[in-house]
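These notes concern the structure reproduced below.
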Amino acid sequence: MRVLSIFKRIKIDLTIMKVTQAAVLSPGLAAQAEEIGHKVARLRRARQVKQADAALRAGLSRNTAYRIEKGDPGLAVGQLLRYLDAISPGARLESLLLETDPALKTLVSREATQRVRGLTAAELDELDF
């Protein structure tokens, strides 16, 4: 009995020691991690790659890809770099942060384009002088 109580106490002590990275980061660093995740997600959408496809190419689970795009600071840098390479082969972290990828420029122009509906006959008559 005494041995079991010692193991239970050790198990409890080990679970208390678990720390999430998000809990210990300052708000500024957490915001930077979120921004990196947002930029990765934006690049993926600009290159029209599905999240599941990018995760598969990078050898990651879809959940890990989701966490990368949400800016989870507890993930390894290697996972982020593999995911980036799966989205844009040969891309560097620097180009992600500076947003120099040509696909991002195309995405910006697509986002800026707005559809304009045609005027109705009543609206055209109202504008007729």
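Structure values in brief
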read-out	value
Test for residue 72: is it at pLDDT below 95 and either part of a helix (DSSP H, G or I) or over 23 Å from residue 103 (Cβ atoms) (or both)	yes
Condition check for residue 54: under 21 Å from residue 108 (Cβ atoms), out of contact with any strand residue (DSSP E or B) (no Cβ under 6 Å at 6 or more places or on another chain) and assigned to a helix (DSSP H, G or I)	yes
Subset of the range 75-89 that is touching a residue at least 40 places away in the same chain (Cβ under 8 Å) and in a helix (DSSP H, G or I) - its residue that is nearest to residue 31 (Cα to Cα)	80
Residue check, residue 35 out of contact with any Cys (no Cβ under 7 Å at 6 or more places or on another chain), exposed (fewer than 14 other Cβ atoms within 10 Å of the Cβ), modelled with pLDDT of 90 or more and charged (D, E, K, R)	yes
Extreme residue, surrounded by the most Cβ atoms within 10 Å (Cβ to Cβ), among residues of the range 90-129 that are within 31 Å of the chain's Cα centre (by Cα), of a type outside the set (A, V, I, L, M) and outside any helix (DSSP H, G or I)	101
Some residue of the range 27-48 being aliphatic (A, V, I, L, M) and free of Cβ contacts under 8 Å to residues at least 12 places away in the same chain	yes
Positions within the range 45-78 being surrounded by 17 or more Cβ atoms within 10 Å (Cβ to Cβ) and among the polar types (S, T, N, Q), in sequence order	51, 64
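The values are calculated or read from the model by the stated rules, or taken from the named source; none is laboratory data. Quantities reported herein were computed from a predicted structural model and do not represent experimental measurements. So basically every Cβ, Gly included, is an ideal-geometry build from the backbone, and we count neighbours across all protein chains shown.
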